[in-house]
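Let me begin by presenting the structure, written as structure tokens, before commenting on it.
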Amino acid sequence: MLEIKGLCFSADDGAERIDILKNIDLTVEDGTFLVLTGPNGGGKTTLAKAVSGIVQPTGGKIFWNGTDITDMSITDRANLGISYGFQHPPRFTGMKVGDLLSLASGGRKLSRIDCCNYLNKVGLCAADYVDREVDTSLSGGEVKRIEIATILARGSGLMIFDEPEAGIDLWSFAKLTETFRELHNTSKSTIIVISHQERIISLADEIAVVSGGKIAERGPKDELFPKLIGNGIGCEYMRKGN
């Protein structure tokens, strides 16, 4: 279970101190598929990065399965089963896709068939990618899908994805939504996805709207989703988010 208590994050822009996260309280039960949505600049990515250890909160606590991870390094959190997918993934010149998948899986040497299975799940023709380097010859969308494949290979207990649909074509996006659906149905992992896309939001068990550095609304998908696509305050969040 993920527990976030009074989480704060402030940054100095050179002129003033800006509060990006403001005393966020959030509990995510094991096996939950949670979508974070809301306006750009509302704090969604900062919240996700604080959980994964990429940014250090300036206040509050984060617990994963009862362990205080607030001051832990990214590596220590990864060893506890926390994975993070960047909106703009890094590239690794000199490393082949198959080797990256093996590294992500914990260092065990994946078979070519295993690598192909992970790549197929994110809409890539595996035979065209296993032996390619993760370098500038790949498009942003290709690198994005490969990164998602590495998270699947890792098999983490907590998987965080920052706008996984970014830079992905429509066919691959359809394949990706099916992957998320299958992952949620067949694994016990807790999944947190930052997204504005209705097809991804519709997969969620719960939705949290992050706005102004706070959890503006939180609830089951069946209750909150209609507000996000209809009239009212939820719809306003979506318009600002796009």
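The values are calculated or read from the model by the stated rules, or taken from the named source; none is laboratory data. Note that the structure is a prediction, hence the values are computed from the model and not measured. Heads up, the Cβs are rebuilt from the backbone with ideal geometry, glycines too, and the neighbour counts pull from every protein chain shown.
Suppose the filter is out of contact with any Lys or Arg (no Cβ under 8 Å at 6 or more places or on another chain) and either modelled with pLDDT under 90 or within 30 Å of residue 4 (Cα to Cα) (or both); does residue 110 pass it? So residue 110 fails the test. The residues of the stretch 20-29 that are surrounded by fewer than 15 Cβ atoms within 10 Å (Cβ to Cβ) and assigned to a strand (DSSP E or B), listed by number, are 23, 25, 27.
Looking across 32, 37, one residue alone is surrounded by 22 or more Cβ atoms within 10 Å (Cβ to Cβ), closer than 18 Å to residue 160 by Cα and of a type in the set (Ser, Thr, Tyr). It is 37.
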